[in-house]
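Visitor: Structure incoming, see below.
The values are calculated or read from the model by the stated rules, or taken from the named source; none is laboratory data. None of the values given here were measured: they were computed from a predicted structure. Here Cβ is always computed from backbone atoms with ideal geometry, including for glycine, and neighbour counts include all displayed protein chains.
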Amino acid sequence: MILPWQQADWKRVQEARRAGRLPHALLVTGAAGLEKGGFARNLAASLLCSAPDDGGLPCGHCRGCHLFQVGTHPDYLRITQEQPGQVIPIDSIREYISRSGLTAQAGGYKVVVIEPADALNMAAANSLLKTLEEPVAWTLIILVSSRPGQLPATIRSRCQTINIHPPAREAAIQWLAGRVGGLDAALLLDLACGAPLHAVKLAEEGVLTLRGQLLDEFAGVLAGRNDPVVAADNWNKPEPALVLSWCSGWIIDALRLKAAQDPPGLINPDQIKRLQAIGNALEFSELYELLDKVYEAIRTLGSQLNSLMLMEGVLLEIAAAGKKLKRKKR
Ligand SMILES: [Zn+2]
């Protein structure tokens, strides 16, 4: 898939291809989080397909597409680090050079993607430079880098640069809104310096933390440590529908964990200990009553009652179940 902010560059490259004006080396740059590597892979797939569509997208069915999808295309090589943060050693480039004199086995393009190109060590960069000085027909080298300034100028000057720009703010917010589960898309985009995929990542990380915090409050209210009214205010700050669906998932998991030692298909497999404790603290009937209360709140969302009152209703019910539990213990 070509992402919305890559469309213009994609069109330009495909036009050059149709006109037989593709360069021997491309440098794909732009901020992190714009999926530059995806752009390079899509371009490689497009060049290795024997029947791309009018927009240059690979057909997905030919032999070239099949080999590319399973990762065994003989005319495609991706050079990268073994571990993030490491350098790309000269051996990787030597391996490529030893193969580069050969013509493409499938009779079309040969494509090598180097990502991130700024991780090339000096020897590897020099070695690459030699191949850039003696280009081979029907071979395209695609360098991908968020920090092109780290590359030797001699390499940069031999590549045609594609600078992928972040999308316009409004378009990015619109694209993000459907992917961040009700969180503030505009705020996330700012936190990610305008790079939409980075914003999605932030959202995923932040959402997980938030979910953990709210589950802590659930346990705290049940144990009488947290004030249900204060907790309701916190629960009401993110998207209420999302929080209530989390809450129903916690109770369902607590029920499953109470019923079986190692139940399959948990909704929150990362929270087993906390959910087990909740399950152990309450009777089955109390858990079902709580679940009913949450479902009722989900059904009522968006009606006359405001969501804060619904959250208070749920958390007061949890607090009441906790108090009953304390009395029993006495
Ligand atoms: Zn194809």
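Visitor: Any residue in the stretch 63-76 that is more than 18 Å from Ile141 (Cα to Cα) and acidic (Asp, Glu) sitting within a Cβ distance under 9 Å of a residue that is at pLDDT 90 or above and within 13 Å of the ligand (Cβ to nearest atom)? List the pairs, counting only those 6 or more apart or interchain.
Guide: none
Visitor: Turning to a different aspect of this structure: How many residues are over 20 Å from Ala241 (Cα atoms) and among the aromatic types (Phe, Trp, Tyr) when one looks only at the stretch 205-230?
Guide: Matching residues across the stretch 205-230 total 0.
Visitor: Let me ask something else about it. Would you check which residues across the stretch 3-32 are closer than 19 Å to His198 by Cα and either among the aromatic types (Phe, Trp, Tyr) or buried (at least 20 other Cβ atoms within 10 Å of the Cβ) (or both) and list them?
Guide: Trp5, Gln6, Val28, Thr29, Gly30
Visitor: Then there is this: With His61, His66 as the choices, which residue is exposed (fewer than 15 other Cβ atoms within 10 Å of the Cβ) and not in a loop (DSSP other than H, G, I, E, B)?
Guide: Details: His61 fails: not in a loop (DSSP other than H, G, I, E, B).
Of the residues listed, the single one that is exposed (fewer than 15 other Cβ atoms within 10 Å of the Cβ) and not in a loop (DSSP other than H, G, I, E, B) is His66.
Residue-by-condition table, conditions (1) at pLDDT 85 or above; (2) among the acidic types (Asp, Glu):
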site: Ser285; (1), (2): yes, no
site: Glu289; (1), (2): yes, yes
site: Asp292; (1), (2): yes, yes
site: Ile298; (1), (2): yes, no
site: Met309; (1), (2): yes, no
site: Leu316; (1), (2): yes, no
site: Gly322; (1), (2): yes, no
site: Lys326; (1), (2): no, no
site: Arg330; (1), (2): no, no
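Visitor: So Ala124 fits all but one of (1) small (Gly, Ala, Ser); (2) assigned to a helix (DSSP H, G or I); (3) within 16 Å of the ligand (Cβ to nearest atom); (4) more than 29 Å from the chain's Cα centre (by Cα); what number is the exception?
Guide: (3)
Visitor: Tally time: how many residues in the stretch 19-78 are within 14 Å of the ligand (Cβ to nearest atom), acidic (Asp, Glu) and touching a helix residue (DSSP H, G or I) at 6+ places or on another chain (Cβ under 7 Å)?
Guide: Total meeting the criteria: 1.
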